[in-house]
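Laboratory data are not the source of any read-out in this text; all were calculated from the coordinates shown. All values reported here derive from a predicted model rather than from experimental measurement. Using ideal geometry, Cβ is built from the backbone for each residue, glycine included, and neighbour counts are taken over all protein chains shown.
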There are 2 protein chains.
Amino acid sequence: MSNDDQTIAAIGEFGLIDRVTRSIGSSEYVLLGPGDDAAHVATADGTFVVSTDILIEGRHFRRDWSSALDIGHKAAAANLSDINAMGGVATALTLAFAAPADLPAQWADDMVVGFETECATVGAHLVGGDVSAADQVVISVTAFGDAERPVTRGGARAGDVVAYAGTLGLSAAGYAALSRGFRSPKVAVDGHRRPSPPYAAGPAAAAAGATSMIDVSDGLLADLEHISRSSGVAIDIQAERLDVPEAVATLASALGGLDPLGFVLGGGEDFALVATFPGDAEVPAGWTVIGAAFAGEGVTVDGEPYTGSTGHRHFA
Amino acid sequence: MSNDDQTIAAIGEFGLIDRVTRSIGSSEYVLLGPGDDAAHVATADGTFVVSTDILIEGRHFRRDWSSALDIGHKAAAANLSDINAMGGVATALTLAFAAPADLPAQWADDMVVGFETECATVGAHLVGGDVSAADQVVISVTAFGDAERPVTRGGARAGDVVAYAGTLGLSAAGYAALSRGFRSPKVAVDGHRRPSPPYAAGPAAAAAGATSMIDVSDGLLADLEHISRSSGVAIDIQAERLDVPEAVATLASALGGLDPLGFVLGGGEDFALVATFPGDAEVPAGWTVIGAAFAGEGVTVDGEPYTGSTGHRHFA
């Protein structure tokens, strides 16, 4: 079968990105192009970092699971987190919004209030947007920020330590609960609806000399794979160093004795950060060392490929 | 009926924008916030302009009317035009793309090629993006650029002359043709599928001292209304000074003797520019003087409110 017959479902999200990025050129303005948490762009007189995310109703959020306020908070958080993961501080965002004509205007109001409230926690604001009618609610966000020294996924070296900041597994546990019709554990459900990214941790890591960084949006192991591949190093983490939130343990137990570690290693959308630091660097406050980078490739847990379930994913 | 019961269809696009922008704060980074063609944002070391647009299949484009290549060109053009309308030069764009799982990957490839090709005409490039599945094709674009002196909609003064650059009416005539099942006049249909914005005209106008500027995306009269209201001036234009493209005249005649001026005054999406200049300024090459700004309010044609049809609109 020729490539021309393939659907986007057949080649998948990452396949599609690989394919279309082949036709993208560059210029002296493009300091860092596609492929990291954010791009780094020159202006006539300086630089900024920028990232974009598109959220589709029924795939990234459900209006019957989360309030408009929560969805606004989370849409902002997902994008602020990308700037955070570059070691940057977000300053401004744009928001494109499309929705069915019968959506209550109050829903849009509340979503924007949630969005702005989340942005205000880092001092950023909406500076522009667009609206359109559509068959389902679409929230497309672009975030900009300042980063003195943007930290990419590609700078980890053998000998570095691996550390994370923020919470892991809570959103995935909340998703698992909601998808089974539960409304508890409340901490997990709330964590799914309105995550709390560690916004101060990104710039702190950059200042402390982080060699690579990424936000955990696909899951800790999947995102460490991104660092491993981009940097050309092997990464091993120690399971016992990971904090398992009590609500994750409770939910895993309520689901018939699942391993809570699966949620912690595989869950995204808490927007934690994971980074590498030189072996002799002091890891900043809020960061926990969980492993190290070595010569080689791949990501292991306690020296072995992880074979447990990490199938507690966000909407695809 | 309380506001809480209103749908977004009931309050309309501009009503929704008015409503949600009330909850938006500001900071020292926001040099110009929502409400113009683009926002103006400070960085640690400089500034940039930024604009966003969301395009929805069936509303902003149809896959049976336009090729993927054309749709990519047009999606880029719409956003590059907003930067042009600030007197800026676009340098980088992000693209968020959502589509049904059965969309051929080749369609996405071609769309991105068209997008990049259009961007390359001004030296800009894609720097990042996101992809997702969705029920219909969604193309959400954010464009950034440099503008030495961003020109807003709000600076027109009584005594200024009004001038435009680019083409008017062609896209609307092409839309009218396509919507009746015609494939001609070719120049109009091509103009609808792949408009040719006057990219050099925006920076030239800013350099020549333009006091206000907007791109014609809603239609000349509607967009002059934006300048009139934002600047607090009346605007009168002379119909005989407007160029009526031959293809517009041909189409208007083929539709039973419609007034071609309706397409020129009401058609958007050619991404022409209209601006005001001080009465004693020299209007740059490529710009045609069509009228003047006066004390007062409202937009008139030959001294009278225009009462002809301008109902040749793009997708809503």
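Bridgeable lysines around A:K74 (alpha carbons under 23 Å apart, same-chain partners fewer than 8 residues away excluded): A:K186.
Ellipsoid semi-axes for segment B:242-293, based on the Cα gyration tensor and the rule √(5λ), read 28, 10, 10 Å when sorted largest first. Residue farthest toward the positive end of the dipole of segment A:3-146, with Cβ of Lys/Arg at +1 and Asp/Glu at -1: which of A:H73, A:V49, A:T7? Ranked along the dipole, the leading option is A:T7. Listed by number, the DSSP H helices of chain A that run 18 Å or longer by alpha-carbon position along their axis and have mean Kyte hydropathy of at least -1.0 are A:68-85, A:105-120. Note on segment A:161-301: Cα-only Rg and Dmax are 15.0, 48 Å. Taking the inverse of the mean reciprocal distance over all distinct Cα pairs, the Kirkwood hydrodynamic radius of segment A:3-146 comes to 16.5 Å.
Choose one of B:A120, A:V161, B:S196: the residue whose Cα lies farthest towards the positive end of the charge dipole of the protein assembly as shown (beta-carbon charges +1 Lys, Arg; -1 Asp, Glu; about the Cα centre). Sorting the options by dipole projection puts first B:S196.
Between segment B:123-180 and segment B:223-284, how far is it from one alpha carbon centroid to the other, in angstrom? With segment B:123-180 and segment B:223-284 each reduced to a Cα centre, they are spaced 16 Å. Measuring nothing but how far apart in sequence close Cα pairs (under 8 Å, 6+ apart) lie, relative to its length, segment B:155-213 scores a relative contact order of 37 percent.
In nanometers and ordered shortest first, the copy-to-copy spacing of the B:A101 label point, defined 7 Å from Cα toward Cβ, is 3.0.
At a 10 angstrom cut-off on C-beta neighbours, averaged per residue, how do the peptides B:50-59, A:55-64, A:6-15, B:84-93 rank from highest to lowest? Intermediate values should be presented prior to the final figure.
Details: B:50-59: 23.4, A:55-64: 17.1, A:6-15: 15.5, B:84-93: 29.9.
Packing proxy ranking, top to bottom: B:84-93, B:50-59, A:55-64, A:6-15.
What's the FRET efficiency of B:D259 with B:D45 using the Cβ-Cβ distance as r and R₀ = 45 Å, to the nearest 0.05? Can you show the working numbers first?
Values: r = 52 Å, r/R0 = 1.16.
About 0.30, to the nearest 0.05.
Only helical DSSP H runs with n ≥ 4 go in: add -39500 (n - 2.57) per run for chain A, normalise by residue count and round the 222 nm mean residue ellipticity to 500 deg cm²/dmol.
Details: 9 runs with 101 residues, N = 316.
Rounded to the nearest 500, it is -9500 deg cm²/dmol.
Apply 1/(1 + (r/R0)^6) to the Cβ-Cβ distance of B:A9 and A:A120, taking R0 = 25 Å, and write down the FRET efficiency to the nearest 0.05. Efficiency, rounded to the nearest 0.05: 0.25. Over all orientations, segment B:135-190 has a Cα convex hull whose mean projected area works out to 7.8 square nanometres. If you look at the Cα atoms of chain A, you get an Rg and a Dmax of 19.3, 59 Å. The alpha carbon convex hull volume per residue for the protein assembly as shown rounds to 156 Å³. Once both labels are positioned 7 Å from their Cα atoms along Cα-to-Cβ, the gap between A:T21 and B:S179 label points is 4.1 nm.
Spin-label pair A:D302-A:V289: with each label point 7 Å from Cα along the Cα-Cβ axis, the two points sit 2.1 nm from one another. Taking the DSSP bridge list for chain A and keeping only pairs wholly inside it, about 80 percent are antiparallel.
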